[in-house]
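Data first, discussion second: the structure below is written as structure tokens.
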Amino acid sequence: MIAKRVLLVALAAVCGSLVLGVASAAPPGDDALLALNILPPGQGANGAALTNQLPLYDGLTPLRGNVTTADLNRLYKPETLGLGGVKPVHVERPKPGVTIDRDKWDVPHIYGTTRANTEFGAGWATAEDRGLDLQLLRGPARIAALDVPGYDAFSVALSGRQFVPSAQTEAFLAAQVPLAQKTAKGRQLIRDVDAYLAGINAYFKSQGGFVTPFTRNDVVAIGTLIGAVFGAGGGNETNSAMFLGALQQRLGATKGVAVWNDLREQHDPSTPVTIASSFPYENGPTGVGPGNVPIDPGSFVPAGGPALATRSEQRHLMSNALLISGKRSANGHPIFVAGPQVGYYSPEILMEEDLHGGGLDARGVAFPGLGFYLQIGRGPDYAWSATSASSDVTDQFAETLCGGDDVHYMYNGQCRAMGTFDAGTLKSAGAPDTELSFRTTVHGPVVGYATSNGTKVAISSERSTRGRELLAAIPFQTLSTGQVRTPQQFFSTMSGFDLTFNWFYADSKHIAMYSSGRLPIRAPGVDPGLPTNGNGSYEWRGWLAPLAHPHVVDPPSGEIVNWNNKPAAAFGAADDNWSYGSVHRVLLLDKGVAARRTQTATSVVAAMNQAATTDLRSTLVPVLAQVLSHGTAPSARDAQMLQLLQSWDGSRLDANNDGLVDAPGAAIMDAWWPRLAVADLAPVLGPLTDQLRKLAPIDNPANPQGSSYGAGWYGYVDKDLRTLLGQTVKGAFSTAYCGGGSLAACAASLWAALDAAGDAVAATQGSDPTQWHADANAERIQFSGFLPATMRWTNRPTFQQVIQFGSHR
């Protein structure tokens with residue numbers, strides 16, 4: 001049962017919201033038994049409100065799994081609809097019919113006499129709270145909308161560089177408005193956007209009018225940027241093809257393909273899934289099919305900007321969601337603990353809003369410039385959240401050149417001239433202006449050139465969501481206006497969302513999940529992990545049907561748990577996602593949820609918080625120890641290191657804030673892991689091990705941005721070593737890697753790696769392994785911006801909701 005104290009507080013908040021009267025607005029109804037959230041460092045743009053949620057967020061971290069009901073109420077803040085009976089700390093009335101009540105956390109509770117007035121208030125609050133973000137994002141966001149080759153728009157925005165768009169760019173963005181206006185909801189969207197923009201521009205005008213007025217195109221561009229960072233997948237086929245070619249040169253054609261498929265993990269049957277039911281997708285050929293074009297190793301030359309990273313290096317993972325059904329909940333009502341991981345900024349890139357009036361009735365968070373609706377949040381009797389699904393919505397096409405130059409290509413039997421897109425000018429302080437222009441084909445921007453069997457080809461990139469980003473706001477209109485009342489309606493709503501996310505839903509009776517995205521159906525004969533032949537014979541054949549997407553309501557297990565893992569069985573990983581292996585960080589959440597058959601909101605938060613400070617690599621220690629038992633420790637020190645690892649519970653916590661990770665196991669694993677991982681695969685891959693590390697980074701522990709342990713190498717080591725030990729392995733690799741298949745040789749190589757790791761740590765920390773500690777200060781979370789404050793590393797959502805509903809409309 002929910003503890004009495006929290007229940008009474010929650011009920012008091014609910015009752016308070018029912019009697020609260022705010023100027024010109026009807027009080028919102030609220031069916032929540034418990035409604036809490038957190039958004040570090042704070043909602044405000046400056047002053048105390050900039051950092052007032054940081055102590056709460058950081059205060060939960062050292063509790064690990066020992067969270068109490070009192071902690072829950074102390075370390076989250078209320079997420080009632082309306083103020084919950086509490087008087088506002090500050091009231092703003094930017095124009096007649098609009099009231100913005102600020103609570104002690106500086107959250108804007110926005111009320112309008114009409115829908116347009118509510119949207120005006122949302123725009124005003126956005127400019128007031130995230131005005132700098134709006135200005136930084138609006139120009140570079142256009143780079144994302146156009147997929148300008150070689151430039152990461154988000155990095156450009158954070159650098160403070162300005163982008164001056166061309167007329168061609170503005171026309172491209174403006175074309176999305178008539179596309180949206182084809183439906184009633186789309187026409188309402190445009191009216192809402194216009195009212196929202198009026199509020200933004202009115203605020204800036206009230207401050208002296210120093211900002212060029214915001215337009216619909218700014219909204220379209222910012223929506224594209226957010227989608228490009230968090231809601232895209234695929235588009236790295238050329239790098240993958242070059243790796244395949246290199247493997248075949250080293251190992252032979254057949255074995256090279258087999259090893260490539262091992263490491264790609266597109267359909268690893270041992271990977272943890274959120275939905276047990278099968279949802280087949282991307283089940284084409286494995287290896288170069290008749291619709292693919294091989295790429296010669298090392299031949300790709302990127303076009304555009306100077307720092308073109310592979311898609312895998314650019315992947316941003318949003319996390320996580322733990323939903324428990326009523327049958328496993330102590331009070332019979334579903335439990336919802338979920339939120340997005342978008343990094344940490346000052347002020348935070350997300351902003352909170354509570355919208356009421358003209359049909360709008362919801363509270364949650366939105367990205368600056370998109371706050372006319374809520375992207376994550378709750379309505380009167382339901383809550384929703386998301387994690388990045390990274391499904392395959394982007395493909396690279398290899399274009400056959402013709403006409404004797406690099407700017408003509410063959411399509412449907414004709415030699416066509418490439419287009420030229422003049423995007424605009426990138427301005428940098430103290431540096432010459434850069435004109436951004438690029439070539440295009442029917443498939444999209446030309447991202448570079450390569451050779452295939454010695455013949456030069458152009459590589460273009462087609463994204464299924466390009467030019468449709470404004471339409472992605474319509475599902476949030478439905479969610480923000482209380483129009484969702486059942487899981488089935490939630491599925492229908494989110495099936496219209498083109499970007500690739502896993503969506504989670506809970507009300508007083510049900511839990512549900514839906515994985516969205518405009519997912520292409522590829523032509524027969526195309527391996528989606530390799531470049532497609534762009535000659536016109538292998539174009540996309542439509543889109544995956546809505547109910548063919550992974551989805552579930554009230555699964556028999558009584559739980560829905562996701563941490564960017566594979567959404568469902570038989571659902572293929574995108575070509576840039578090589579992390580759906582046998583060991584995935586979601587196993588840490590699964591373990592916490594499985595520990596208790598009956599859960600409370602407190603116990604679910606505890607499971608999340610325990611996983612948030614656990615080093616996933618600690619789960620590999622048992623199998624590593626088994627392999628090492630077939631060899632001899634090089635020294636007594638190395639044997640002691642293994643013992644310390646075996647006694648380690650995986651904690652990376654700095655409980656007393658002394659700047660050191662408490663457990664010596666963390667320091668040992670940090671030094672050993674990259675050495676042992678390379679030692680495992682190098683007998684087969686040789687020098688190609690480094691190339692694999694570029695495609696699939698070997699590790700990302702204690703990422704200061706708080707989204708760690710998303711690499712696929714944990715599964716590589718786990719499956720290979722368990723197979724070598726003679727254990728039953730589901731979907732065993734085609735090849736034995738460690739020790740070339742010799743258990744004794746493997747054990748010797750892993751001991752050697754451990755010995756080298758010990759030497760490295762001892763050189764700086766002395767000879768006693770019990771006194772070794774990883775540097776906790778180096779991995780403390782820092783906030784991008786001007787905030788000097790930091791907090792202990794934790795691997796949990798940036799914005800997180802803890803919700804239970806007791807009734808339903």
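The values are calculated or read from the model by the stated rules, or taken from the named source; none is laboratory data. Owing to the predicted nature of the structure, the values given are computational and were not obtained by experimental measurement. All Cβ positions, glycine included, derive from the backbone under ideal geometry; neighbour counts span all protein chains shown. To get the accessible areas, we keep the full protein, side chains included, count just its heavy atoms, and leave off ligands, DNA and RNA. Shrake-Rupley method; radii C 1.70, N 1.55, O 1.52, S 1.80 Å.
Write down the accessible area per residue of region 377-502 in Å², having rolled a 1.4 Å probe over the full set of protein chains.
In whole numbers, region 377-502 has 32 Å² accessible per residue.
What is the percent of Cα-Cα separations in region 739-804 that go past 19 Å?
It works out to 63 percent of all Cα pairs.
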Original post:
Roughly how large, in nm² to one decimal, is the mean projection of the convex hull of the alpha-carbon atoms in the chain?
Top reply: 32.8 nm²
Original post:
Using θ = phi - 60° and the Karplus form 6.51 cos²θ - 1.76 cosθ + 1.60, what ³J(HN,Hα) does each residue of region 44-50 get, whole Hz, x for Gly and Pro?
Top reply: x, 8, 6, x, 4, 5, 6
Original post:
Stretch residue 327-residue 104 to full length: gain in nm at 0.36 nm per residue minus the Cα-Cα span?
Top reply: 76.6 nm
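Might you report the magnitude of the Cβ-based charge dipole of the chain about its Cα centre, with Lys and Arg at +1 and Asp and Glu at -1, to the nearest 20 debye? Numbers along the way, then the final one.
On the way: 60 positive and 68 negative charges, 321 e Å.
Roughly 1540 debye, rounded to the nearest 20.
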**OP:** Go through region 563-569 residue by residue and turn each phi into a ³J(HN,Hα) via Karplus (6.51, -1.76, 1.60, θ = phi - 60°); whole Hz please, and just put x for glycine and proline.
**Re:** 9, 6, 7, 4, x, 7, 4
Subject >> Other-chain or far-sequence residues with amide H under 5 Å of residue 329's (modelled H) >> reply: 599
Original post:
Is it possible to state the helix-based mean residue ellipticity at 222 nm for the chain, with each DSSP H run of 4+ residues giving -39500 (n - 2.57), the sum divided by total residues, to the nearest 500 deg cm²/dmol? What is it?
Top reply: -10000 deg cm²/dmol
**OP:** Compute the separation of the alpha-carbon centres of region 540-568 and region 219-233 and state it in Å as a whole number.
**Re:** 22 Å
Original post:
What whole number of Å gives the distance from the Cα centroid of region 366-443 to the Cα centroid of region 93-142?
Top reply: 29 Å
**OP:** Just the Kirkwood number for region 241-296, please: inverse of mean 1/r across all distinct Cα pairs, in Å, one decimal.
**Re:** 12.8 Å
**OP:** Report the label-to-label distance for residue 417 and residue 591 in nanometres (one decimal), using points 7 Å from each Cα along the Cα→Cβ vector.
**Re:** 6.3 nm
Subject >> Distance cut-off 11 Å, percentage of C-alpha pairs in region 325-369 lying past it >> reply: 76 percent
Original post:
Any idea what the dipole of region 701-809 comes to, in debye rounded to 20, about its Cα centre with Lys/Arg Cβ at +1 and Asp/Glu Cβ at -1?
Top reply: 680 debye
Subject >> Normalised contact order of the chain, rounded percent, pairs of Cα under 8 Å and 6 or more residues apart >> reply: 18 percent
Original post:
Counting alpha carbon pairs within less than 8 Å and at least 6 residues apart, what relative contact order, in whole percent, applies to region 62-125?
Top reply: 21 percent
Subject >> Portion, in percent, of the accessible area of the chain that falls on carbon or sulfur, probe 1.4 Å >> reply: 55 percent
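With the cut-off at 1.5 for a/c, could you classify region 404-510 from its C-alpha gyration tensor as rounded, prolate or oblate?
Numbers: a/c = 3.38, a/b = 1.99, b/c = 1.70.
It comes out prolate by the Cα gyration axes.
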**OP:** Return the long-range amide H neighbours of residue 400 (sequence gap of 5 or more, or a different chain), with a cut-off of under 5 Å between placed amide H atoms.
**Re:** 410, 534
**OP:** Would you kindly state how much longer the chain becomes between residue 632 and residue 410 on full extension, computed as 0.36 nm times their sequence separation minus their alpha carbon distance, in nm to one decimal?
**Re:** 73.8 nm
Subject >> Per residue accessible area of region 603-734, 1.4 Å probe, in Å² >> reply: 33 Å²
**OP:** Please state the charge dipole magnitude for region 470-553, taken about the Cα centre, from unit charges on C-beta atoms (+1 on K and R, -1 on D and E), reported in debye and rounded to the nearest 20.
**Re:** 160 debye
**OP:** At 27 Å minimum axial length over the Cα atoms and a Kyte-Doolittle cut of -0.5, report the qualifying DSSP H helices in the chain, or say none.
**Re:** 184-206, 664-685, 743-765
**OP:** Mind scanning 95/509; 327/566; 327/719; 104/509 and naming the pairs with a C-alpha gap bigger than 30 Å?
**Re:** 95/509; 327/719; 104/509
Subject >> Cut-off under 5 Å, modelled amide H: who pairs with residue 457 long-range >> reply: 450, 451, 452
Original post:
From the phi of every residue in region 380-394, what ³J(HN,Hα) in whole Hz does the Karplus formula 6.51 cos²θ - 1.76 cosθ + 1.60 yield, where θ is phi - 60° and glycine or proline is x?
Top reply: x, 9, 7, 10, 9, 7, 8, 10, 5, 8, 6, 6, 7, 10, 10
Subject >> Rg to Rh quotient for region 128-237, alpha carbon positions, Kirkwood Rh >> reply: 0.98
Original post:
With point charges of +1 on the Cβ of Lys and Arg and -1 on the Cβ of Asp and Glu, referenced to the Cα centre of the chain, which listed residue (657, 368, 247) lies farthest in the positive direction of the dipole?
Top reply: 368
Original post:
In Å², what does the accessible area per residue of region 86-242 work out to with a 1.4 Å probe?
Top reply: 35 Å²
**OP:** Please find the FRET efficiency linking residue 451 to residue 762, where r is the Cβ-Cβ separation and R0 is fixed at 30 Å, and quote it to the nearest 0.05.
**Re:** 0.05
Original post:
Between residue 402 and residue 540, what is the label-to-label distance in nm when each label sits 7 Å out along the Cα-to-Cβ direction?
Top reply: 2.4 nm
**OP:** Grab the eigenvalues of the alpha-carbon gyration tensor for region 522-638, scale each by 5, take roots, and send me the semi-axes largest first in whole angstrom.
**Re:** 37, 27, 11
